[in-house]
Amino acid sequence: MAGDDFNAAYGGSGSEDPRTQRSYGRMSPMAESPQDRAAWLREELQRHERLYYQDAKPEITDREFDRLMAELAAIEDEHPELRTADSPTQRVGGEPTEGFEQVEHQPPMLSLENTYDHDELQEWVERLKRLVPDTGIAFVCELKVDGVSLSLLYEDAVLTQAATRGNGRVGDLVTANARTIRTLPLRLPAPAPARLLVRAETYMRRSAFAALNQQRAAAGQELYANPRNTTAGTVRQLDSRDVARRRLDLACYEWVQPAGGGDGNEERRSHGDCLAALADLGLPVDGSWRRCASLEEVVAFCDEWQEKRGELDFETDGVVVKVDDPELRDRLGATAKAPRWAVAFKFEAEQAETVVRAINAQVGRTGAVTPVAELEPVPVAGTTVKRATLHNYEDLARKDVRVGDAVVIEKGGDIIPKVVSVFEERRGAESQPFAPPTECPVCGETLYQPEEEALLRCVNAACPAVVREAIRHFASRNAMDIEGMGDWLVGELVGGGLVGDPANLYGLTVEQLADLRKTNDARLGEKAAARTIASLQESKERSLSRLIYALGIRFVGDSTAALLARRFGSIEALAAASAEELEEVEDIGSRIAESVRAFFDSERNQDLLRRLEDAGLQFEEEQTEAEAADGPLEGKTFVLTGTLSGMTRNEAAARITALGGKVTGSVSARTDFLVAGEKAGSKLRKAEQLGVEVLDEAGFADLLSGGR
Ligand code: AMP
Ligand code: ZN
């Protein structure tokens, strides 16, 4: 895997234990007042919440997050005056995202208290016994499926609502997305209760996730880090067709019974009976749940699944232990955060001990140099692990990982295992701290550490490692899609000095390729060489958006490339666009805009582009916005918000630009029309304030068909 993918899969810069973090990023001074510490923790927790819930790109483990949260809660307990209304301790999750209709959860979807060992479980059970001393307590244990929670409502046997947890009180209505889950019945068989409220976890099976990543690898796309984040991102897709392609699954874990009784006036059922009844109604319920009469049985269940969970086709991060009897649940009640009648027992991450044999540097496409631990091979969770990421050199120094160290590695849901801790006490006297490289391991160029970044970079654009990655990317499936241009051939071409940048590819001849020798010393041969050269010729016809993607501009993935191609219509126009003009494109922020500018400002890149143009590549889109400029919407600027029922936003934007109009990302005085679909949010308010004309979907359709 390329260095940058490697980083992307991990969220790049390390930020594990911030207390000891050093010279970059977010720092917290060592000696500080509780007030400063609390303020810092709050900000940090909110940032991680955003990364987790909204961006689905967490940088720290749940456990590390829980520790920060526990520390903040402890400070606030000790100094109640420091507790603020917006403290992360006061709420359950992240804010709902814009774009979906919102629904209130009644009752709220609470969080669960966590326990990490048998003692903590025992304390929980003892606390319950103190709260309801007059009776025995029976439990139900279930697997805690690691996905995204949904609240499902059936009315008159029909699924009418599905909502995400959101902040626990208000969530996003994602009914259309939930309907794509194949194991979720859209209608219940008779006799079904008139109203059925179910809480469930949606998740992606390991097998489905593996298949998805295989497809992405084949297409040269960045791999997804783990099933849970992929699920979180999928559930929030605005276009439910994208959701359907992902094959989510579902496990129902709670029938929220109205206070009056299960499905009418009858007695409320016990939780175990509820699970059985849900399964009878055809709802998917994970079958591993078990009634447990005592703490011992609960502990046995937890231990058993801690061992066996690797056998499951889904990821589980623990067990949920619940009180079975509904009357007892009522008596125990809930805190603002979590019910008292349930607790999560968190599994240890799958870890193993091994030894670091070497620490190598890996150079990615953008020149990022990252350390990788080469390990004594060790089995973890069903696979043999030989390498583990060390994220970056700051992180490595903080953990003080050294060659020869005995270490604990962990394999979570992520693709690449990581080093979690070091047995410092087992080190020999000759052990030396690891010195980060000062020179690129591939080209010898002095490495550079950009400010505010934890990475070391090789800034030599001619570095073979950088060139190799750049060419691999250029030739990949979603970029120029050049047949035969695999790792081996790219390595030979770059290593042999035949190719120094993508433009050189177009000067290659069949003879040059045919003579290359493979590892078994066989020539590549005329036939294979001719195929590759033919594919290179063909690739000159690839669309502008593929070309923009192929250039490997930082932060410009294939969908951003498509936006840029559609908006600017040619490399020339794109290269001339100012950062402000770039930011006017919907979904393009300052980070991407600056990166695009920096790319085109580089003389080396300008030279590369000239040579690519000379080679005959498509520098213009067939139907450009400029050509459409004499269309009926010429000179009109549109902003899109909310959900349209008849088309996606991308389709709407394409229709507008095809008629000569322009689509921008934010409402300003220069906006002519705001097209407001269902559940438009802040953009609608802003348009109303500024007196911008607002079109609903019907009005927009009229405009498109020339009706006005
Ligand atoms: P937490 O997010 O750690 O507060 O844990 C609560 C979440 O665990 C719920 O919102 C559900 O998404 C999830 N969960 C997964 N399996 C279960 C289960 N069997 N019972 C209750 N919650 C579950
Ligand atoms: Zn280099």
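The values are calculated or read from the model by the stated rules, or taken from the named source; none is laboratory data. Given the structure is predicted, the values throughout are model-derived calculations rather than measurements. Counting neighbours? That spans all protein chains shown, and the Cβs are built from the backbone with ideal geometry, glycine included. SASA here: full protein model, heavy atoms, side chains in, ligands and nucleic acids out. Shrake-Rupley method; radii C 1.70, N 1.55, O 1.52, S 1.80 Å.
Would you tally the residues in the stretch 285-327 being in contact with a Cys (Cβ under 6 Å, 6 or more places away or on another chain) and either among the hydrophobic types (A, V, I, L, M, F, W, C) or at pLDDT below 95 (or both)?
Qualifying residue count, the stretch 285-327: 6.
Listed residues A232, A192; which is open to solvent by 10 Å² or more (accessible area, probe 1.4 Å), away from ligand 1 (no atom under 16 Å from the Cβ) and modelled with pLDDT of 80 or more?
A192
Under the condition of being within 16 Å of ligand 2 (Cβ to nearest atom) and open to solvent by 10 Å² or more (accessible area, probe 1.4 Å), which residue from the stretch 339-365 is nearest to R427 (Cα to Cα)?
N360
Of G491, G500, which residue is surrounded by fewer than 17 Cβ atoms within 10 Å (Cβ to Cβ), in a helix (DSSP H, G or I) and within 16 Å of ligand 2 (Cβ to nearest atom)?
Exactly one residue qualifies, and that residue is G491.
Please state which of the following conditions S421 fails to meet, knowing it meets all the rest: (1) within 16 Å of ligand 2 (Cβ to nearest atom); (2) under 19 Å from T389 (Cβ atoms); (3) surrounded by fewer than 17 Cβ atoms within 10 Å (Cβ to Cβ).
Among (1) within 16 Å of ligand 2 (Cβ to nearest atom); (2) under 19 Å from T389 (Cβ atoms); (3) surrounded by fewer than 17 Cβ atoms within 10 Å (Cβ to Cβ), the lone unmet condition for S421 is (1).
Name the single residue that is farthest from V321 (Cα to Cα) among those in the stretch 113-126 being modelled with pLDDT under 95 and open to solvent by less than 60 Å² (accessible area, probe 1.4 Å).
Per the stated criteria, the residue is Y116.
Kindly check whether there is at least one residue in the stretch 451-473 that is surrounded by fewer than 16 Cβ atoms within 10 Å (Cβ to Cβ) and part of a strand (DSSP E or B).
No - not one qualifying residue is present in the stretch 451-473.
Residues being at positive phi and either open to solvent by 20 Å² or more (accessible area, probe 1.4 Å) or under 26 Å from the mean Cα position of the chain (by Cα) (or both): count how many of those fall in the stretch 547-601.
Counting residues in the stretch 547-601 that are at positive phi and either open to solvent by 20 Å² or more (accessible area, probe 1.4 Å) or under 26 Å from the mean Cα position of the chain (by Cα) (or both) gives 3.
Could you check A534 against (1) in contact with a helix residue (DSSP H, G or I) (Cβ under 8 Å, 6 or more places away or on another chain); (2) hydrophobic (A, V, I, L, M, F, W, C); (3) surrounded by fewer than 23 Cβ atoms within 10 Å (Cβ to Cβ) and say which number it fails?
The one condition A534 does not meet is (1).
Do any residues in the stretch 672-695 that are surrounded by fewer than 20 Cβ atoms within 10 Å (Cβ to Cβ) have Cβ atoms under 7 Å from those of residues that are at pLDDT 90 or above and outside any strand (DSSP E or B), where the two are at least six apart or on different chains, and which pairs are they?
From residues that are surrounded by fewer than 20 Cβ atoms within 10 Å (Cβ to Cβ), the pairs are E693/D672.
Yes or no: the stretch 161-173 includes at least one residue that is away from ligand 1 (no atom under 16 Å from the Cβ), within 17 Å of L283 (Cβ to Cβ), small (G, A, S) and open to solvent by less than 30 Å² (accessible area, probe 1.4 Å).
No, that holds for no residue.
Mind checking which residues of the stretch 386-418 are of a type in the set (V, I, T), buried (at least 21 other Cβ atoms within 10 Å of the Cβ) and under 17 Å from E348 (Cβ atoms)?
Result: V407, I409.
Cβ-Cβ under 6 Å, sequence separation 6+ or interchain: first residue in the stretch 301-316 and more than 21 Å from V148 (Cβ to Cβ) and open to solvent by 50 Å² or more (accessible area, probe 1.4 Å), partner in a loop (DSSP other than H, G, I, E, B) and within 16 Å of ligand 1 (Cβ to nearest atom). Which pairs?
Filtered contacts from the stretch 301-316: Q306/F347.
For the stretch 469-483, what are the residues that are away from ligand 2 (no atom under 13 Å from the Cβ) and modelled with pLDDT of 90 or more?
I471, R472, H473, F474, A475, S476, A479, M480, D481, I482, E483 - these are the residues of the stretch 469-483 that are away from ligand 2 (no atom under 13 Å from the Cβ) and modelled with pLDDT of 90 or more.
Taking A368 and the conditions (1) over 25 Å from V467 (Cα atoms); (2) open to solvent by less than 50 Å² (accessible area, probe 1.4 Å); (3) of a type in the set (A, V, I, L, M, F, W, C), which numbered condition does it fall short on, given that it satisfies the others?
Single failed check for A368: (1).
In the list P108, P96, which residue meets the criterion of being in a loop (DSSP other than H, G, I, E, B), at pLDDT 90 or above and open to solvent by 20 Å² or more (accessible area, probe 1.4 Å)?
Matching residue, one of P108, P96: P108.
Among the numbered criteria (1) touching a residue at least 24 places away in the same chain (Cβ under 8 Å); (2) within 30 Å of G681 (Cα to Cα), which single criterion is violated by T175?
If we test T175 against (1) touching a residue at least 24 places away in the same chain (Cβ under 8 Å); (2) within 30 Å of G681 (Cα to Cα), just (1) comes out false.
Within the set of pairs 6 or more residues apart or between chains, which connect a residue that is in contact (Cβ under 8 Å) with a residue 40 or more places away in the chain and within 10 Å of ligand 2 (Cβ to nearest atom) inside the stretch 445-468 to a residue that is basic (K, R) and not in a loop (DSSP other than H, G, I, E, B) with Cβ atoms less than 9 Å apart?
That search, which allows pairs on different chains as well, returns L447/R457; A461/R604.
Confirm whether A529 is open to solvent by 40 Å² or more (accessible area, probe 1.4 Å) and small (G, A, S).
Spelling it out, it is not the case that A529 is open to solvent by 40 Å² or more (accessible area, probe 1.4 Å) and small (G, A, S).
Does the stretch 316-337 contain any residue that is small (G, A, S), within 12 Å of ligand 1 (Cβ to nearest atom) and either farther than 19 Å from L110 by Cα or over 27 Å from the mean Cα position of the chain (by Cα) (or both)?
no
Taking the condition touching a residue at least 60 places away in the same chain (Cβ under 8 Å), over 30 Å from E64 (Cα atoms) and in a loop (DSSP other than H, G, I, E, B), does A429 pass?
In short, no.
Search the stretch 636-658 for residues being assigned to a helix (DSSP H, G or I) and not charged (D, E, K, R), and hand back the single one that is most open to solvent (accessible area, probe 1.4 Å).
Only one residue tops the list, namely N650.
Looking only at the stretch 127-148, decide whether some residue is in a loop (DSSP other than H, G, I, E, B), of a type in the set (F, W, Y), open to solvent by less than 80 Å² (accessible area, probe 1.4 Å) and touching a Lys or Arg at 6+ places or on another chain (Cβ under 8 Å).
Checked the stretch 127-148: no residue is in a loop (DSSP other than H, G, I, E, B), of a type in the set (F, W, Y), open to solvent by less than 80 Å² (accessible area, probe 1.4 Å) and touching a Lys or Arg at 6+ places or on another chain (Cβ under 8 Å).
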